[in-house]
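> Dropping a structure here in structure tokens format, bear with me for questions.
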Amino acid sequence: MQVSNDSPLVRDGKTIVLAHDHGLEHGPKQFSGVEERLDPTEAFDMATHDAVTALAVGKGLTETYYPSYDDDVNLLAKLNGGSDLWMGEPYSPQNWSVEYAAELGADAIGYTIYPGVNKEPEMFEDFRPVQEQAREHGLPIAMWSYPRGQAIKEHRDRDTIAYAARIALELGADFAKVKYPRSQDAMAHAVDAAAGTNVLLSGGSKTSDREFLELVASCIDAGVSGLAVGRNVWQRDDPYAILDKLEAVVFEEASADEVL
């Protein structure tokens, strides 16, 4: 389904998702140096910034904190996730339903798939009812499409990332969140492979302001529709300053030099 500008995740054809599922996926260690942000209200406050078109969080944070922000924050309900304590091949179990997310006020659905793992068939099958139920509720779907597994030697290979973006299209997602494939040309290839599905850059681990903004600007030039970013915002001393800069780069197509 082509995402229109009427979608709550889209502003002027672009998207910035603030991702805050790290407490489940990576644990409290991700908050080292910014321990005050173990309090989820910090992230919900950041999500009220004009640059942010949606906040991606799981069930527990939605139940507890979203009712206080539902007028100011678009909710991307992340329906599945696993912990870093799991030692097997990546697998992301679903822990709440589309119906419950819609009941809590979700504006969109998020779901992780790991193409290439041993349980890929089960993950594809798990996604099918999620995708169909999201359609029934009129909710756009963002797929975290992250190739993993023993058969994949290079997770950020040009063809691997393009394949990840294509899988999101083929399985019926409206957005494909993918890792950076190490070059602007390779990212443009992933955008082409995704066709009608909007490609979002995965923000990844925290880097310097310049390195991060140059990466985002390069990907916008390559045709991505925006990004889903967590640590490169909320791990910074001044997250609102980087959101100001991201707003200019993504929505106004400013260069890193211009905003710095």
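> Of the candidates Ala194, Ala151, Ala51, which one comes out as most mobile in a Gaussian network treatment of the chain with C-alpha springs shorter than 10 Å?
Highest fluctuation among the options: Ala151.
> Given C-alpha coordinates of segment 15-259, what is the ratio Rg to Rh with the Kirkwood estimate of Rh? It would help to have the intermediate numbers written out before the result.
Details: Rg = 16.8 Å, Rh = 18.0 Å.
For segment 15-259, the value is 0.93.
> Please get the size of the charge dipole for segment 15-259, origin at its Cα centre, with Cβ charges of +1 on Lys and Arg and -1 on Asp and Glu, quoted in debye to the nearest 20. Provide the component values of the computation, followed by the final result.
Working: 20 positive and 42 negative charges, 194 e Å.
With Lys and Arg at +1 and Asp and Glu at -1, about 920 debye.
> If you find the alpha carbon centre of segment 153-174 and of segment 59-77, how far apart are they in angstrom?
Centre-to-centre distance over Cα atoms comes out at 29 Å.
> Another question, if that's okay. Among Phe124, Val98, Gln235, whose Cα projects farthest towards the positive end of the dipole of segment 15-259, with charges put on the beta-carbon of Lys, Arg (+1) and Asp, Glu (-1)?
Looking along the dipole axis, the top candidate is Phe124.
> Taking only C-alpha pairs under 8 Å that are 6+ residues apart, what is the relative contact order of segment 15-259 in percent? Before the final figure, lay out the partial values.
Working: 472 pairs, mean separation 41.0, N = 245.
So the answer I get is 17 percent.
> What FRET efficiency would be calculated for the residue pair Glu89, Ala195, taking the C-beta separation as r and a Förster radius of 22 Å, to the nearest 0.05?
Efficiency at R0 = 22 Å is approximately 0.15.
> Which of Val17, Val250, Val117 ends up with the largest GNM mean-square fluctuation for the chain, with Cα atoms connected below 10 Å?
Highest fluctuation among the options: Val117.
> Enumerate by residue number the GluC sites (Glu not before Pro) in segment 163-260 meeting two conditions: DSSP loop (anything except H, G, I, E, B), and at most 16 other Cβ atoms within 10 Å of the site's Cβ. Write out the running numbers ahead of the final one.
Values: sites: Glu170, Glu211, Glu214, Glu247, Glu252, Glu253, Glu258; in loops: Glu252, Glu253.
When the GluC sites (Glu not before Pro) of segment 163-260 are filtered for loop state and at most 16 Cβ neighbours within 10 Å, Glu252, Glu253 remain.
Coordinate-derived values only; no laboratory data. Quick caveat, the model's predicted, so the values are computed rather than measured. As a convention, Cβ positions derive from the backbone with ideal geometry for all residues, glycine included, and neighbour counts pool all protein chains shown.
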